[in-house]
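The values are calculated or read from the model by the stated rules, or taken from the named source; none is laboratory data. Given the structure is predicted, the values throughout are model-derived calculations rather than measurements. Heads up, the Cβs are rebuilt from the backbone with ideal geometry, glycines too, and the neighbour counts pull from every protein chain shown. Side chains included, ligands, DNA and RNA excluded: accessible areas come from the protein's heavy atoms. Shrake-Rupley method; radii C 1.70, N 1.55, O 1.52, S 1.80 Å.
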Amino acid sequence: DDMLIYYYDLHGKPVQYKQEKTGRFLDLIRVRWSNPELHRDKFGKPIKYQSPAGSGSHLYIPEAIRTMYRHNRSIPRLFIQEGEKKAEKSCKHGIPSVGIMGIQNLGYNNMLPEELQLLIQECGVKEVVFLLD
């Protein structure tokens with residue numbers, strides 16, 4: 001019952017990262033463990049979501065948002081949700097949303113994700129709402 005979460009860019013191509021050990025580029029797939037107690041971090045704390053080592057922080061873009069971007073549709077208000085599942089669910093209910101991996105993962109190297117900037121520019125986003133758990 002574990003869930004695999006596949007990351008795609010604005011153009012629908014898999015997001016890739018460079019694997020630390022081999023230097024190969026791999027598709028970014030996060031895991032939502034159905035039983036976090038069986039998966040613990042180095043401090044012994046249960047892990048609910050797990051990303052591959054060295055994969056970095058990425059924006060989760062639901063298919064509904066990718067479609068709006070491809071067709072240059074207006075998104076007056078864009079929501080940034082903490083979590084991929086919340087972003088998907090919101091989109092299914094007509095609330096345009098993207099997801100972040102956690103509250104510490106909105107930006108990388110003191111910058112907002114480039115894809116978020118492109119989405120805001122191309123879809124004429126006027127307001128961004130940041131929702132936390």
Task: Flag for residue 43 being surrounded by 12 or more Cβ atoms within 10 Å (Cβ to Cβ) and not in a helix (DSSP H, G or I) - done: no
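Hey, can you tell me all the residues within region 47-76 that are over 17 Å from residue 6 (Cβ atoms) and out of contact with any Lys or Arg (no Cβ under 6 Å at 6 or more places or on another chain)?
Step one: list which residues in region 47-76 are over 17 Å from residue 6 (Cβ atoms), which gives 47-48, 53-54, 68-76.
Within region 47-76, 47, 48, 53, 54, 68, 69, 70, 71, 72, 73, 74, 75 meet the criteria.
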- [ ] Check whether at least one residue in region 75-91 is modelled with pLDDT of 95 or more, open to solvent by 70 Å² or more (accessible area, probe 1.4 Å), assigned to a loop (DSSP other than H, G, I, E, B) and out of contact with any Phe, Trp or Tyr (no Cβ under 9 Å at 6 or more places or on another chain), and report yes or no.
- [x] yes
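Being assigned to a strand (DSSP E or B) and not β-branched (Val, Ile, Thr) is the filter here; which residues of region 92-103 pass it? Step through it out loud before you land on a result.
First, pick out the residues of region 92-103 that are assigned to a strand (DSSP E or B): 97-100.
Within region 92-103, 97, 99 meet the criteria.
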TODO: For region 61-92, name all the residues that are touching a strand residue (DSSP E or B) at 6+ places or on another chain (Cβ under 8 Å) and among the aromatic types (Phe, Trp, Tyr).
DONE: 79
- [ ] Considering only region 92-126, state which residues are of a type outside the set (Phe, Trp, Tyr) and open to solvent by 100 Å² or more (accessible area, probe 1.4 Å).
- [x] 92, 93, 104, 109, 110, 111, 114, 121, 126
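Return the residues of region 104-127 that are outside any loop (DSSP other than H, G, I, E, B) and farther than 21 Å from residue 73 by Cβ; say none if nothing qualifies. Can you show your working first?
Here is the first cut: in region 104-127, the ones outside any loop (DSSP other than H, G, I, E, B) are 108, 111, 114-122, 127.
Selection gives 108, 111.
To keep it simple, each residue is scored yes or no on (1) touching a Cys at 6+ places or on another chain (Cβ under 7 Å); (2) at pLDDT below 95.
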position	(1), (2)
27	no, no
97	yes, no
102	no, yes
108	no, yes
- [ ] Return the only residue of 37, 20 being surrounded by fewer than 16 Cβ atoms within 10 Å (Cβ to Cβ), of a type in the set (D, E, K, R) and part of a helix (DSSP H, G or I).
- [x] 37
